[in-house]
1. At most 16 other Cβ atoms within 10 Å and a DSSP loop assignment: could you name the chymotrypsin sites (Phe, Trp or Tyr not before Pro) in region 1-48 that fit?
2. With the full set of protein chains in place, find how many percent of the accessible area of the chain is carbon and sulfur; take the probe as 1.4 Å.
3. With Cα extents along the principal axes in Å defined as stated, name the option among [x] 61, 31, 26; [y] 94, 27, 25; [z] 58, 36, 22 computed from the structure displayed.
4. State the extension gain, in nm to one decimal, for the chain segment bounded by THR105 and THR88, taking 0.36 nm per residue of separation less the distance between their alpha-carbons.
5. Would you kindly state the longest site-free stretch of the chain, with sites defined as trypsin sites (Lys or Arg not before Pro) in a DSSP loop (not H, G, I, E, B) surrounded by at most 14 other Cβ atoms within 10 Å?
6. Relative contact order, percent, of the chain when contacts are C-alpha pairs under 8 Å separated by at least 6 residues?
Amino acid sequence: MLALHAGMRVHLALGATDMRKGFDGLAAQVQTVLRADPFSGHLFLFRGRRGDLLKALWWDGQGLVLLAKRLEKGRFIWPTIAREGVVTLTTAQLAMLLEGLDWRTPTPSWKPEIAV
């Protein structure tokens, strides 16, 4: 089970990732492209070209954990800033991303009214 602790960071790998990659391929991508340590305990997220598949790589202290989620409808919202690099998310943004919501510009479902 994935438990997000206070020091854990969530990193999105920009661009499209080959979703055929497994533990070793994604760990190598973390090291070479993201220039980070895959064994740091941080969560690294990768998205496929179609945008409906997401893979997460995480070191739990004993081994690498590989998680995958596929949306039946819609796409995971991904930054289009650059083809390579990394973006760091908050845990709230991660929750929205995993639900298929636009985490970049969340809009409230209500507006404050004037007090009478």
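The values are calculated or read from the model by the stated rules, or taken from the named source; none is laboratory data. All values reported here derive from a predicted model rather than from experimental measurement. Heads up, the Cβs are rebuilt from the backbone with ideal geometry, glycines too, and the neighbour counts pull from every protein chain shown. The area values use the complete protein model at the heavy-atom level, side chains included, leaving out ligands, DNA and RNA. Shrake-Rupley method; radii C 1.70, N 1.55, O 1.52, S 1.80 Å.
1. Filter output for region 1-48: PHE39.
2. Looking at the chain in its full context, I get 54 percent from C and S.
3. Read-out from the structure maps to [x].
4. Additional length available on full extension: 4.6 nm.
5. Looking at the chain, 51-72 is the longest stretch - no exposed trypsin sites (Lys or Arg not before Pro) with at most 14 other Cβ atoms within 10 Å.
6. 28 percent
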